[in-house]
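*Asks:* Take this structure, written in structure tokens, and hold onto it; I'll ask about it next.
The values are calculated or read from the model by the stated rules, or taken from the named source; none is laboratory data. Keep in mind it's a predicted model, so treat the numbers as computed, not measured. Ideal geometry is used to build each Cβ from the backbone, glycine not excepted, and the neighbour counts take in all protein chains shown. Calculation scope for accessible area: heavy atoms of the full protein, side chains included, ligands and nucleic acids excluded. Shrake-Rupley method; radii C 1.70, N 1.55, O 1.52, S 1.80 Å.
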Amino acid sequence: MNNNTIKFSVLKKDEGKRLDILLSEKILELSRSIIKKIIASKNVKIDGQIVSSPSTKIKVNQSVSLTKIKNEIQKIKPFKISLAAVYEDKDILIVNKPVGMVVHPGAGNHDRTLVNALVYKYKKKLSDINGDLRPGIVHRIDKETSGLLVVAKNNFSHNKLGEQFSDHSIKRKYVALAWGIVRPLNGKIETLISRNKRNRQLMAVSDINGKKAITNYKTLKVFNIKNIPVISFVEFSLETGRTHQIRVHMKYMGSPLLGDKQYGKKNIKFKKINKDFEKYLSQLNGQALHAKELGFKHPVNNKFISFSSDLPQYFKKILNLLEKMSG
């Protein structure tokens, strides 16, 4: 038995419990959401047989084993990158991630990610629940999305934060610039989101399968300006955190985000366009989306704390121009 495998026998008092609940009670350093991922990846066995359902009911005297997931990249290279820390204590770190930074190493991104910067500064003083490749990482935002992320410095904090993400009690607000007018101006988008059948790198709204995704939105202002297409400044409050959720939902609503190369308008041609706006639009390196607010219960003292970040310069330039042109 290696150090990554945990094995135990089911006691009488635990009979009838769901597999994921029992494992989360037995292995305190792993959150229930992480345990579900481990089960789905076929790394849990009951009496030597692989089990793939977290809702499996267990029986007394059964032998349960769980093997922690190993990642293909064995060691993270420390890389010196300046981190914009909004808040820090001995348990957590709040970072304002810039546009263009990938959160953790993966295909094509090995040494200039947020994780590389964290390892350089904090070395091994980060949680390791998500494995060697993602120390401290509790959640992610897209490479071209800017804004707030919470990092866990130890497994206890990671587990407590993970529980809040799992039960959707984390408060997250984003702001974005979108093409057109969202109808109605304020509302809730509730759909299933799954992998796009034509391109597995993308997500799509589905009528029949996928994970439930809920996005609350509020239109803060609509800009209807001569020689500039109609643009909306929109605020989002997430109840779930699916991959590309806001971007997918805004495409679904017919108002994709400015600069979104994957879900947005492609090869836009204007008959007549404001030159300043055209210049700022061409300078966008990705979607005009910013994770502006983040709030949660502190994992140690249980007090609710919240953080806010300023809009990045690329976003401010476009918004200020629109405000100025609208008089």
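*Asks:* Between Asn199 and Lys171, what FRET efficiency comes out of the Förster formula 1/(1 + (r/R0)^6) with R0 = 56 Å and r the beta carbon distance, rounded to 0.05?
*Replies:* 0.95
*Asks:* Please quote Rg/Rh for the range 180-327 to two decimal places, taking the Kirkwood radius as Rh and restricting both calculations to Cα atoms. Numbers along the way, then the final one.
*Replies:* Numbers: Rg = 17.0 Å, Rh = 17.0 Å.
Across the range 180-327, the Cα-based Rg/Rh ratio is 1.00.
*Asks:* Using 17 Å as the cut-off for backbone N distance, which residues of the range 42-62 belong to the label zone defined by a point 7 Å from the Cα of Glu15 along Cα→Cβ?
*Replies:* 47, 57-62
*Asks:* Next question. Counting each DSSP H run of 4 or more residues in the chain as -39500 (n - 2.57), what helix-only mean residue ellipticity at 222 nm follows after dividing by all residues, to the nearest 500 deg cm²/dmol?
*Replies:* Details: 7 runs with 67 residues, N = 327.
When only DSSP H runs of four or more count, the value is -6000 deg cm²/dmol.
*Asks:* How many angstrom separate the Cα center of the range 231-308 from the Cα center of the range 83-101?
*Replies:* A separation of 20 Å, based on Cα centres.
*Asks:* Between Glu190 and Asn320, with labels modelled 7 Å along Cα→Cβ, what's the label distance in nm to one decimal, could you check?
*Replies:* 4.1 nm
*Asks:* Express the carbon and sulfur contribution to the solvent-accessible surface of the range 156-299 as a percent, rounded to the nearest whole number, probe 1.4 angstrom.
*Replies:* Working: 3480 of 7510 Å².
Heavy-atom surface of the range 156-299 belonging to carbon and sulfur, 1.4 Å probe: 46 percent.
*Asks:* Please list Arg242, Arg112 from largest to smallest accessible area, probe radius 1.4 Å, with all protein chains kept in place. All intermediate terms of the calculation are to be shown ahead of the outcome.
*Replies:* Numbers: Arg242 75, Arg112 160 Å².
Ranked list, largest accessible area first: Arg112, Arg242.
*Asks:* Give the span of the range 32-189's Cα atoms along each principal axis, as three whole-Å numbers ordered largest to smallest.
*Replies:* 57, 46, 32
*Asks:* Debye sum, Cα scatterers, the range 180-225, no solvent: what log₁₀ I/I(0) at q = 0.13, 0.17, 0.23, 0.33 1/Å?
*Replies:* -0.43, -0.64, -0.82, -1.11
*Asks:* Along Cα→Cβ, 7 Å out, is where each label goes; now give me the distance between the ones at Tyr87 and Lys42 in nm to one decimal.
*Replies:* Reported label-point gap for Tyr87 and Lys42 is 4.3 nm.
*Asks:* How would Asp47, Asp20, Asp142 line up by accessible area, probe 1.4 Å, largest first?
*Replies:* Details: Asp47 90, Asp20 0, Asp142 40 Å².
Descending order: Asp47, Asp142, Asp20.
*Asks:* How do 160-166, 78-84 rank on mean C-beta neighbours within 10 Å, highest first? Intermediate results must be reported in sequence, preceding the final value.
*Replies:* Values: 160-166: 19.4, 78-84: 13.6.
The densest-packed peptide leads the list: 160-166, 78-84.
*Asks:* Length gain on complete extension for the stretch Ser53 to Asn301, per 0.36 nm per residue less the alpha carbon to alpha carbon distance?
*Replies:* Between Ser53 and Asn301, full extension yields an extra 85.9 nm.
*Asks:* At 10 °C and 1.306 mPa s, what whole-number value in µm²/s does Stokes-Einstein give for the translational diffusion of the chain, with Rh from the Kirkwood sum over Cα pairs?
*Replies:* Values: Rh = 21.7 Å.
My calculation gives 73 µm²/s for D.
*Asks:* Treating the beta-carbon of each Lys and Arg as +1 and of each Asp and Glu as -1, no other charges, what is the dipole magnitude of the chain about its Cα centre, to the nearest 20 debye?
*Replies:* Details: 61 positive and 27 negative charges, 135 e Å.
Dipole about the Cα centre, nearest 20: 640 debye.
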